[in-house]
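Below you'll find the structure, written out as structure tokens, and then a few comments.
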Amino acid sequence: MHNYQDMVYSTAVRLIGNETQAEDISQDVFIKAHEHFENLRTSPTAGGWLKTVATNLSINHIQRYKKRWTFFSDIVHRDDEGGEREVEFAAPDTFFSSVDSDERREWIEHALEKLPEHQRVPLVLYHFEDLPYEDIAKKLRVSLSKVKTDILRGREALAKILVRSGATHEKFAL
């Protein structure tokens, strides 16, 4: 448990966005691990199993207790005047060059907490769990286009949050 508690908790908190609920999910993960202890004790894949259980329990929690997501069919940014433009999300490679990895992780973690869950969850699954779009859509029981839209909008929102939080070493292309 000591070897994996941080990984299980951080997986849950990234997906849920709530520390208390992530603690509950982490506890549930380790209860399941206890139930399967004989198989996990010597398994070289115990960490992967725990991460998968944490991810699945987090997603189940979201689907069970949170509002249903609305479907967004377009992938454009609408300004206040109703105009549309294509959204660009990538930050320059040098954005975090003068920031150490702990500070970078902390900025991203805080910014992720501020995202609405319909953007945060697919973004975390894609970038932190390395799941392909199709697997995310199946796991969340939503359309592939919704997953793509939410990830793109999540990136845009994350970039804006980071810029507002003082991550102004260079500008994001928004």
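Rule-based calculations on the coordinates, nothing more; no lab input. For clarity, every value in this text was computed on a predicted model and none was experimentally measured. Don't worry about glycine lacking a Cβ; one is built from the backbone with ideal geometry, like all the others, and counts go over all protein chains shown.
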**OP:** Highest first, please rank the peptides 151-157, 140-146 by the mean number of other Cβ atoms sitting within 10 Å of their residues.
**Re:** 151-157, 140-146
Original post:
Could you give P(r) for the stretch 5-65, binned at 10 Å from zero, as whole percent values over all Cα-Cα pairs?
Top reply: 26, 54, 19, 2
Original post:
How many nm separate the modelled label positions at residue 6 and residue 105, each set 7 Å beyond the Cα in the direction of the Cβ?
Top reply: 0.6 nm
**OP:** Assign unit charges at the C-beta atoms only (+1 for Lys and Arg, -1 for Asp and Glu), then state the dipole size of the stretch 5-65 relative to its Cα centre in Debye, rounded to the nearest 20.
**Re:** 200 debye
**OP:** Find how much the distance from residue 35 to residue 135 grows on full extension, using 0.36 nm per residue of separation minus their present alpha carbon separation; answer in nm with one decimal.
**Re:** 33.3 nm
Subject >> Modelled FRET efficiency - R0 41 Å, residue 143 with residue 42, Cβ distances, 0.05 increments >> reply: 0.50
Original post:
Which pairs in the list 51/138; 114/148; 139/160 are over 21 Å apart, alpha-carbon to alpha-carbon?
Top reply: 139/160
Subject >> Average Cα contact separation per residue, the stretch 5-65, under 8 Å, 6 or more apart, as relative contact order % >> reply: 45 percent
